[in-house]
Each structure stands twice: as structure tokens, then as C-alpha cells.
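Please treat every number below as a calculation from the coordinates, not as lab data. Computed from a predicted structure; not experimentally measured. Cβ sites come from the backbone with ideal geometry, for glycine too, and all protein chains shown count toward neighbours.
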Amino acid sequence: MVIILYTLCRECNTKVPYGTTRCTGCASKREEYLKSKSKKYNADRYNRDKANEDAIRMFYVSTAWKNKRQEIINRDNNECQICKALYKFVPSDDIHHIVPMTKDFSKRLDNNNLISLCKYHHQQVHLHNINNKEQLIKYVKQLINSDKFIKNFLKIES
């Protein structure tokens, strides 16, 4: 006698074999969604960079940017600040402009507008179109609330 374990699909709650998270229909929809999201992210980035292409490109090779980037890395102890809020200590790979340069070019060297992030969180911030400090704080709070270990550690009530 063979016993087959089942679990429920995350999307439609139909029975699926244990170890899988979605039924075939939902899995294909999810795959299409992720592809479209990735295409949207890349298209938005291309359009954004195209707008002020010359000024932005010249800024990223300037000595002022290289010095400021190193200053921010040192300020944040070379740690991704979102991971740090989640009690995970991951080295930072990128310096992120909280308010994009295409929206406010004058904030390009403002310490309060720059944050160290790992590649994963830098991509997630762009993917979710987080364009100001309030949105960034809200995003980090959502991540903290979704992590049960951290909620218990910080004694946060649901």
C-alpha cells in the first residue's frame, strides 16, 4: 500500500502532491506573471535611464560619486540595511538612491537619500517602485512582520 501525501495549492487551494506549492495551472500563471514583472522592471529601468542618460552616466563615473559611495559604505559598515533590519548581516553590493536621480537630480549626493543594499534587496526596491523614505520604511516593516522569528525576537504582537 502506497501512501501519497498531499498539500494545498497556494493560489486555488486544490490538492497537490506534497513538496509542490502550486497546481500546474497556477504554476504556469505564476511563471508568466514573474516573466512579465521582470520585463516591466527592465523596461522601466531602460526608460528611466534613457531620460537623463548623459547626466546620469557622467555622474556614475565621477570622482564625487566614487567618494560618496565609499563614504556611504563606511557609514553603513558595508551591510545591507534591509537585511540588517531583519537581523541578517549580508554585505552591501549597491548604493541605492531612495529618491531616484530622474526625479530629483539635486539629491544625488545627499547622505539622507543614499542607502547600502545587497543585490537582492536593491532589485526588490526597484521592482516595488519604492521612491521615497516612507515607502521604504513601510516595505521594511512589512518584511519584519512577515518573518515570524523576528516578530518573536522583537516581541511584536500581530
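Placing a pseudo-label 7 Å from each Cα along the Cα-to-Cβ vector at Lys35 and Trp65 gives an inter-label distance of 3.3 nm. Which whole-number percent is the relative contact order of the range 64-158 (Cα, under 8 Å, 6+ apart)? Answer for the range 64-158 is 27 percent. When each of the peptides 59-68, 100-109 is scored by how many other beta carbons lie within 10 Å of its residues on average, the order from highest to lowest is 100-109, 59-68. Residue by residue, the range 2-15 carries 3J(HN,Hα) couplings of 9, 9, 10, 8, 10, 9, 9, 4, 5, 8, 10, 6, 8, 6 Hz when phi is fed to the Karplus relation 6.51 cos²θ - 1.76 cosθ + 1.60 (θ = phi - 60°); x denotes Gly or Pro. Here Glu71, Glu79, Glu31 are placed in order of increasing Cβ neighbour count within 10 Å, fewest first, which gives Glu31, Glu71, Glu79.
On the basis of the beta-carbon distance and an R0 of 30 Å, Lys103 and Asp147 show a calculated FRET efficiency of 0.50. Near Leu114, the amide H atoms lying under 5 Å from its own belong to Ile98; only residues 5 or more places off or on other chains count, and H is placed 1.01 Å from N. Each label point was placed 7 Å from the Cα along the Cα-to-Cβ direction; for Thr20 and Leu127 their separation is 2.3 nm. Beyond 16 Å, how much of the Cα-Cα pair distribution for the range 64-158 remains, as a whole percent? That tail contains 57 percent of the Cα-Cα pairs.
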